[in-house]
Amino acid sequence: MNICYVCENPFDGEEIKRHEEHVIPNAIGGRLTSYEFLCEGCGVDLADSIDTPFNDHLQVFSVLHGISRDRGVSKKAAIEVISRVMPQGGGKAPTYSLNSDFTVIPDRPIYFVNEEERRVSVCCSVPKKAKVFMRNPELSKLKAQGYEVVLESDMTQFLVQGSLRINHESTVVLRGVAKIAIEYALHCGVDFSSLRGFKADLIDRCEEEKLRSAVVQYYPTTNEEKLYETGKFRHEDWYPNHQLFLFSDGPDLYCYVELFGAIQKYVHLSAHFLGRLEVQKYLQRVQSWNFDPSDWYGGPKDLHMFAGQFGIPFTGRPLEDVQKDVLHRAETRAYEIDADAQIDKVRNLVQLLVQFVVSDIPAGFPSVDALLRKAADAKSGLGFTLVDRLKHDMRYALQWVHADFSQFRIQSEGEPAPRLAGRVTPDERRKYAAFRLYESLCSIGRENEIAFLSE
Ligand SMILES: [Zn+2]
């Protein structure tokens, strides 16, 4: 692109410079970047107006999945707590945060009294504050009565449950998702004229009503989607991940956006799309495969070789610049997943299940039992019908043997998947979104201690 898609000024390399944009924000682990469509000035503006509030809202997933911290700031998420005993310590109610190591701490000193063991536990995020607090009259009195006063850096042992608040239907989230979708379309080379209307609604006019009708909650509508989405953290060995699918249906251009395996939306980018488009997909893990920067350092000879491998220009450039580009490419590659790997996974799951049901394998094999359990859960949660139909008529298996799953999440029986999902009642879609949040807690084995409260 020769112009910035926001201000529409042409790039001249001086006044209007190209900005390196993360299509999925860097702060939530996005690795896909492009110099193609945004100027530096607008890059800064969009970061302030859309990215920062969006990233803050989704920070909770980075904390849950222990995403390595950026720029030395350790990640925390606000959490509401129910404790076994009432904390004491006067003044206004404290706020609590959950850290990446699952410790929970209050923002100001509080204490818990254990009468049986005659012990007082003081908790605070700032040890200095806690030390001062331990000398206050309340605690001195308890000490004089023979209580042992100890300092704790974590209050998890006093908790029954913690609750994380999220509103995945908030304007902040919808705008963030919409921006990812439009930038992915531009990255894939979609002509800006098809996207100008969407951009105007999203950025120039911030029209909330239009935003809400364009960005809708995903819902699995086909049997393969229902099976795949149930307990997917168990079979996706790249979980959690970020995914983008760009596809068209006649004049309608859509982007499916999935973040952390938990936020799933369809974005209707245009109803006047004129071009032709192959389905474009981007999949990345949120955590890298084993990326070690030291593997990618070396003398000029090594650097020359690495640059060649990635197609990075070498001749006439300062070595530091080449080194920077090599590291960036190597790191990016460490997150990438082949989109076809997901389709293979879908096919394997469905075909294995069909085989198990058709051959009526008796219970007792762990992998068979696990898949049958997944199918039963998909039936009760999402109305998965494949097993029942197979049992009713084994010939139904035939259509699954050669099924092509390349239209997974894109289209089914000639209809675009976003339109099918749009017919599911809002209540069902809300329930499904809540289920996704619950599963993201199951994936880290925390569903008994932490809950999500959808607003
Ligand atoms: Zn601009």
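The values are calculated or read from the model by the stated rules, or taken from the named source; none is laboratory data. All of these numbers come straight from a predicted model, not from anything done at the bench. Note that each Cβ is placed from the backbone with ideal geometry, even for glycine, and that neighbours are counted across all protein chains shown. Accessible surface is based on the protein model in full, side chains and every heavy atom, while ligands, DNA and RNA are left aside. Shrake-Rupley method; radii C 1.70, N 1.55, O 1.52, S 1.80 Å.
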Along the Cα→Cβ direction, 7 angstrom out, place labels at THR171 and ASP302. What is the inter-label distance in nm?
5.1
Rounded to 0.05, the calculated FRET efficiency for the beta carbons of GLU455 and GLN399 at R₀ = 35 Å is 0.25
In terms of solvent-accessible area of protein heavy atoms at a 1.4 angstrom probe, what is the ranking of GLU152, GLU115, highest value first?
GLU115, GLU152
Amide H of GLU152: which non-local residues (sequence gap of 5 or more, or other chain) have their own amide H closer than 5 Å, using H built in the peptide plane?
VAL122, CYS123, CYS124
Return one whole number: the accessible area per residue of the chain in Å², for a 1.4 Å probe.
49
Give me the one-decimal nm value for the distance between modelled label points at THR52 and ILE361, 7 Å along each residue's Cα-to-Cβ direction.
5.4
Amide H neighbours of ILE450 at under 5 Å, excluding residues fewer than 5 places away on the same chain, with H built from the backbone geometry, are GLY162
How much accessible surface area, in Å² rounded to 10, belongs to the heavy atoms of LYS76 with a 1.4 Å probe?
100
Inter-probe distance in nm under a simple model that places probes 7 Å from Cα toward Cβ, at ARG333 and PHE192
3.2
How high is the relative contact order of the chain, in percent, with contacts defined as C-alpha pairs under 8 Å that are six or more residues apart?
14
Assuming R0 = 30 Å, what is the FRET efficiency of ARG276 and ASP237, from their Cβ-Cβ distance, to the nearest 0.05?
0.30
Using θ = phi - 60° and the Karplus form 6.51 cos²θ - 1.76 cosθ + 1.60, what ³J(HN,Hα) does each residue of region 386-394 get, whole Hz, x for Gly and Pro?
4, 5, 4, 5, 5, 5, 6, 8, 4
Scoring only Lys, Arg, Asp and Glu (+1, +1, -1, -1) among other residues with Cβ under 14 Å from the Cβ of LYS129 yields +2
With bins 10 Å wide starting at 0, give me the P(r) of region 261-365 over every alpha carbon pair, in whole percents.
11, 24, 22, 23, 14, 6, 1
What do the square roots of 5 times the Cα gyration tensor eigenvalues come to for region 352-415, in whole Å, largest first, as semi-axes of the equivalent ellipsoid?
22, 15, 12
Using just the alpha carbons, could you tell me how many Å³ per residue the convex hull of region 293-333 encloses?
59
How would the chain be classified by its alpha-carbon gyration tensor: rounded, prolate or oblate, with rounded meaning a/c under 1.5 and the a/b versus b/c comparison settling the rest?
oblate
Using Cα pairs under 8 angstrom and six or more residues apart, how large is the relative contact order of region 123-251, in percent?
18
Net charge contributed by nearby residues that have their C-beta within less than 11 Å of PRO418 (K/R +1, D/E -1)
+1
Residue-count net charge about ARG276 - beta-carbon cut-off 13 Å; Lys, Arg +1, Asp, Glu -1:
-3
Sort 259-271, 415-427, 37-49 by the packing proxy (mean of other Cβ within 10 Å over each peptide's residues), most packed first.
259-271, 37-49, 415-427
Would any residue of region 99-139 have its amide N under 11 Å from a label point 7 Å out along Cα→Cβ of GLU148? List them or say none.
117-120
With no solvent and one equal point scatterer per Cα, compute the Debye intensity ratio I(q)/I(0) for region 324-455 at 0.10, 0.18, 0.20 Å⁻¹ and report its log10, rounded to two decimals.
-0.50, -1.28, -1.36
Only helical DSSP H runs with n ≥ 4 go in: add -39500 (n - 2.57) per run for the chain, normalise by residue count and round the 222 nm mean residue ellipticity to 500 deg cm²/dmol.
-11500 deg cm²/dmol
Carbon and sulfur atoms: what percent of the 1.4 Å accessible area of region 84-160 do they account for?
55
Under a point-charge model restricted to the Cβ atoms of Lys and Arg (+1) and Asp and Glu (-1), what is the dipole moment magnitude of the chain relative to its Cα centre, in debye to the nearest 20?
1340
Roughly speaking, what is the stretch gain from VAL160 to THR103, that is 0.36 nm per residue apart minus the C-alpha to C-alpha distance, in nm to one decimal?
19.2 nm
Which helices, counted as full DSSP H runs in the chain, have an axial Cα extent of no less than 18 Å and a Kyte-Doolittle average of -1.0 or above?
52-64, 171-187, 339-359, 366-382, 426-442
Looking at region 393-442, which GluC sites (Glu not before Pro) are in a loop (DSSP not H, G, I, E or B) and have at most 10 other Cβ atoms within 10 Å?
GLU413
Please list, by residue number, everything in region 27-46 whose backbone N is under 18 Å from a paramagnetic label point 7 Å out along Cα→Cβ of GLU14.
40-41
